[in-house]
Amino acid sequence: MYELFEHTADLGLRAIAPDLNTLFAEMAACLMSALVEDPASIQPRKEYTIQLSGSEKDYLLVDWLKELLLRFEEDHVLFATFDVQVSDTGLTARIRGEPVDPQRHALAHEVKAITYHELKVVPTAEGWLAEVIVDI
Amino acid sequence: MSKAAYTGPLELIGCDCYRIPKTYKPGMRVDGHIYANEKLLEAIRQDQAPEQVANVAMLPGIQVASIAMPDIHWGYGFCIGGVCATDPDEGGVISPGGVGYDINCGVRLVRTNLFLNDVQPRLKELIKQLFYTIPSGVGRTGKYKFDPAETRRLMGEGPKFVIERGLGVLRDLDHTEAHGFIEGCDPQLVSDHAVKRGSEQCGTLGSGNHFLEVQVVDSIYDEGVAKVFGLELNQVCVMIHSGSRGLGYQVCDDALASFRNCAQKYGFHLPDRQLACAPVDSPEGRKYIAQMRAAANFGFCNRQLLMQQAREVFAAVFGRSWEDLGMELLYDVAHNIAKLEEHTINGKKKKVWVHRKGATRAFPAGHPEVPEAYRAVGQPVIIPGDMGRASWILVGSHGAMAKTFGTTCHGAGRAMSRTAAKADAAGRKIDRELEHRGVIAMASSRFGLAEEQPKAYKNVDDVVEVVHDADLSRRVARMRPLGVIKG
């Protein structure tokens, strides 16, 4: 489960999940919901693979979201599904998406960057909670 | 979430200046100074921006005070509206967070010799043409394409590179901060990712709070200075607010990643990871400075190309060349940047790194960096407000040199979060409301107008009153919007 939360000039991404794999997938979906008005408009047409290394979970989350943002910015691709495997040394993800189609994808915000401000990846009684502020 | 109100100390110590004493938090090296009046202070207390002023006071080598302008609001790491100067000789640091992701985000104002009566009958057509010609919004690329080598030349030469290709005139550079070129840049140090993000975006507005506005001068406060700036009542101007686009965001992002271990490496404590910094005189610091300067030069190029497109639209709509329409650049000023400047501290001249994060340089009369045409009166300062009320032209003053490292405010400052503004706009038609107020607004995204509606901002007149009264800059003229295009 994910949601956008308020931050004066920017936006917050928040997700809760029973495990880290789901948490990272939910945060990715949350980022897409900041980029497009209707994330359901993104079709999982093509598969892409991402591999990242890093042992600190909070930095790994930032790197994961940065990678997705970079692919959107450079290759103009949006993503619909995220199969993420987080390990002690990094993550491997198989993600599916499609190139931006202005006829079907109403873009919502220009996310300039994923910030480190009040960055959180913490265990909770039910699983995990993550929060990230993105610069708009 | 730290949306909680600030409950720490704010002691009135001078004209519209409130202090957070350095005893407030362990680790503060200097006091915090926030410029505000009682009305604005009430709003400023509502979030954690003052706490961020206190956090910045912990940066190694910080001089005099961690300073905030009256348009201060909660940012990430640094507050927006923050100023800090660090001395490299005292272990001073450079902080990418103190510049922001949008390196050299800034504003330029273009004069015309048109008056309200000339423009009003064709306003709708003009705004429509500007909207369809000038790329705005998420993911929009521009008509100007630069390959990677050319993109690096944009960074290495600044707007001169595009002017030599007919996109502007050399005198535009005389009225651009630093002549549109900050020396000491190294475009070869800028990552391929940053170059790729920037190569299609030079000459595009972007999204968020960036805009292009057609405005009319509705009040003159200083006839003499206005005359020197070439402004008169009812004259029409064009204001452009944008920065270094994806290229700058990526440069900041790259630097923050490479600064992750600097606090540990150089032995200082930071209360927020977004305040990541490195000594000016360190491999990490020197590299970021060279990259940041390159991105800043790209930002000047972006605004140059945006201006040139606006000139071409005006020429097409009014059937006269832009030169004939008197579309001269009044001034271009950065409000997200760090620069090495000479300032007098405790009676001694020092070269310090002035970080301006949502704050504008405001040098006074006689300063050698003020363009010759304005040197007798001071540097023009351009303060965009919101799209329903007003924007301002101020002039730099000596008070700023004495109190704020030659700096003043940069805008109105947000009063509502984006989510709150969007919720507030639900069921309303912001463009219709603006039209009733005499403003034609066009935006690429539905969210654009809702999140940027006038109510989402403080009243810029209040902010300007503070900087005028505190002698950080002086009122010259007020403009109201006629039409706006946004992302």
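Does the stretch A:56-68 include one or more residues that are over 27 Å from B:Val99 (Cα atoms) and touching a strand residue (DSSP E or B) at 6+ places or on another chain (Cβ under 9 Å)? Quick ask: steps written out before the conclusion?
Residues of the stretch A:56-68 over 27 Å from B:Val99 (Cα atoms): none.
No, the stretch A:56-68 has no match at all.
The requirement of being closer than 21 Å to B:Met401 by Cα, within 14 Å of chain A (Cβ to nearest Cβ) and modelled with pLDDT of 95 or more is fulfilled nowhere in the stretch B:142-162; no residue meets it.
B:Arg45 satisfies every condition listed in (1) basic (Lys, Arg); (2) within 14 Å of chain A (Cβ to nearest Cβ); (3) closer than 21 Å to B:Arg273 by Cβ except (3). Flag not set for B:Gln201, criterion: under 28 Å from B:Val439 (Cβ atoms), among the polar types (S, T, N, Q) and touching a Phe, Trp or Tyr at 6+ places or on another chain (Cβ under 7 Å). Do the conditions hold for A:Val132, that is, is it without any contact (Cβ under 8 Å) to a residue 24 or more places away in the chain, in a strand (DSSP E or B) and more than 8 Å from chain B (Cβ to nearest Cβ)? Taking the combined requirement at face value, the residue does not satisfy it.
Considering the stretch A:1-80, the qualifying strands (runs of 3 or more DSSP E), each wholly inside and each with 3 or more residues that are surrounded by fewer than 18 Cβ atoms within 10 Å (Cβ to Cβ) and either away from chain B (no Cβ under 14 Å) or of a type in the set (S, T, N, Q) (or both), run over A:46-53. Among the residues of the stretch B:152-193, the ones that are closer than 29 Å to B:Asp254 by Cβ, of a type in the set (A, V, I, L, M, F, W, C) and surrounded by fewer than 23 Cβ atoms within 10 Å (Cβ to Cβ) come to 7 in all.
Of the numbered criteria (1) surrounded by fewer than 20 Cβ atoms within 10 Å (Cβ to Cβ); (2) within 30 Å of B:Ala402 (Cα to Cα); (3) among the small types (Gly, Ala, Ser), the one B:Ser473 fails is (1). Taking each residue of the stretch B:364-389 that is free of Cβ contacts under 8 Å to residues at least 40 places away in the same chain and looking for partners that are assigned to a loop (DSSP other than H, G, I, E, B) and of a type in the set (S, T, N, Q) with beta-carbon atoms closer than 6 Å, six or more apart or interchain, yields B:Val370/B:Gln379.
Which of the following residues is surrounded by fewer than 19 Cβ atoms within 10 Å (Cβ to Cβ), modelled with pLDDT of 95 or more, over 22 Å from the mean Cα position of the chain (by Cα) and not β-branched (Val, Ile, Thr): B:Glu11, B:Glu42?
Numbers: B:Glu42 fails: modelled with pLDDT of 95 or more.
Only one candidate qualifies: B:Glu11.
Going through (1) within 14 Å of chain A (Cβ to nearest Cβ); (2) under 27 Å from B:Ala338 (Cα atoms); (3) not charged (D, E, K, R) one by one, B:Ala443 falls short only on (2).
The values are calculated or read from the model by the stated rules, or taken from the named source; none is laboratory data. Everything quoted here is computed from the prediction, not taken from an experiment. We place every Cβ from the backbone using ideal geometry, glycine too, and count neighbours over all the protein chains shown.
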